[in-house]
Amino acid sequence: MIPSDELLAAVTGTAPGRHGASPRNVLILSAVATLVLYNLPFLGNILARPLVLLSTVAHEMGHGLSALFLGGRFLRFAMWANGSGLAEIDLTGFGRIRQALTLAGGLVGPAVAAAVCFFLGRSGQGARACLVGLGVVLLVVEILLVRNLFGFVFVGLLVAACFLAARLPPDRAQLVVIFVGVQLALAVFSRADYLFTRGVVNPSGTYPSDVMQMQHALFLPYWFWGIVCGAVSVAVLVWGVALFWRK
């Protein structure tokens, strides 16, 4: 039997003890692992569900961090097992442009998070830094913002997973980060229908969709803003993958 370290080295194109794997091989391995995961009989949907929920976290955090960056307040975060989520934000004093940018921040959030994973995942040490940073941010969110049970449990599990994965050898931490980046990149396309939806229902109520709220703020039809946000997401992903692939 081939020792696990040697097997991983053979697949990723690195030698045991080195501080990074071949970036291209890591990306290919992550894509293959994703393909296998989603096609496992009976278990595929169950195992893939946490990865869908991960994109929900990226989406709602995109809203919240955009609001903070633009001078607003991130008040509350909630998410549910069906993949829906809610970011409650205080936009007092925001004009139409800042409101629209905050809404767009959630729509492009998964793409931005994927690009960050690809950028930092170019090396094992960068991947470890990514996992620690993500763990710290999510821990702060867990303590200050999460206000429903499912969200508290899921975000708490993400925090633990980030800190545990950060303790892995550099090449394995790199594989984790790139795998997560691939999942977030796929979510940009698998959940693209939300870009062209008028309304959304979650356990806390019925709300106009983000693009519908952008229509109210900026007048042009919701589907136009869906196209714009989708195009920006794809451009960000291409940039992130290009940076990673060049390494």
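Here are the numbers for this structure:
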item	result
Two-site FRET efficiency, Asn82 against Ala160, from Cβ-Cβ distance with R₀ of 30 Å, rounded to 0.05	0.85
Rh by Kirkwood over Cα pairs, then Stokes-Einstein D for region 38-171 at 1.306 mPa s and 10 °C, µm²/s	101 µm²/s
Modelled label reach - Val238, point 7 Å along Cα→Cβ, region 92-121 residues with backbone N closer than 16 Å	111-112, 115
Linear extension gain, Asp193 paired with His216, 0.36 nm per residue minus alpha-carbon span	6.3 nm
Trypsin sites (Lys or Arg not before Pro) lying in DSSP loop within region 113-219, provided at most 14 other Cβ fall within 10 Å	Arg147, Arg167, Arg198
Longest site-free stretch - the chain; sites: chymotrypsin sites (Phe, Trp or Tyr not before Pro), DSSP loop, at most 16 other Cβ within 10 Å	43-218
DSSP H segments from the chain that extend 18 Å or more along their own axis, Cα-based, with Kyte-Doolittle mean of -0.5 or above	23-38, 44-69, 124-144, 149-165, 170-190, 222-246
Solvent accessible area, Å² - Val234, 1.4 Å probe, full protein context	60 Å²
Along principal axes, Cα extents of region 117-247, largest first, whole Å	50, 40, 21
Net length gained if the chain between Gln125 and Ser204 were fully extended (0.36 nm per residue, minus Cα distance)	24.4 nm
The chain: antiparallel DSSP beta bridges as a percent of all, rounded to 5	90 percent
Cα pair distances exceeding 17 angstrom across region 125-172, given as percent	33 percent
Region 172-221: Cα Rg divided by the 2.2 N^0.38 Å rule of thumb	1.61
Heavy atoms of Cys229 accessible to a 1.4 Å probe, total area in Å² rounded to 10	10 Å²
Dipole-positive endmost among Cys130, Phe179, Trp80 within region 49-195 (Cβ charges, Cα centre)	Cys130
Unit charges on C-beta of K, R, D, E only; dipole of the chain, Debye	320 debye
Long-range HN-HN contacts of Val146 with modeled amide H, under 5 Å	Phe77
Debye log10 I(q)/I(0) for the chain, one point scatterer per Cα, at q = 0.09 Å⁻¹	-0.40
Extension gain, Arg73 back to Phe152 (0.36 nm per residue minus Cα-Cα distance, nm)	26.4 nm
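The values are calculated or read from the model by the stated rules, or taken from the named source; none is laboratory data. Nothing here was measured: the structure is a model prediction, and the numbers come from that model. Please note: Cβ atoms are built from the backbone with ideal geometry, for glycine as well, and neighbour counts cover all protein chains shown. The area values use the complete protein model at the heavy-atom level, side chains included, leaving out ligands, DNA and RNA. Shrake-Rupley method; radii C 1.70, N 1.55, O 1.52, S 1.80 Å.
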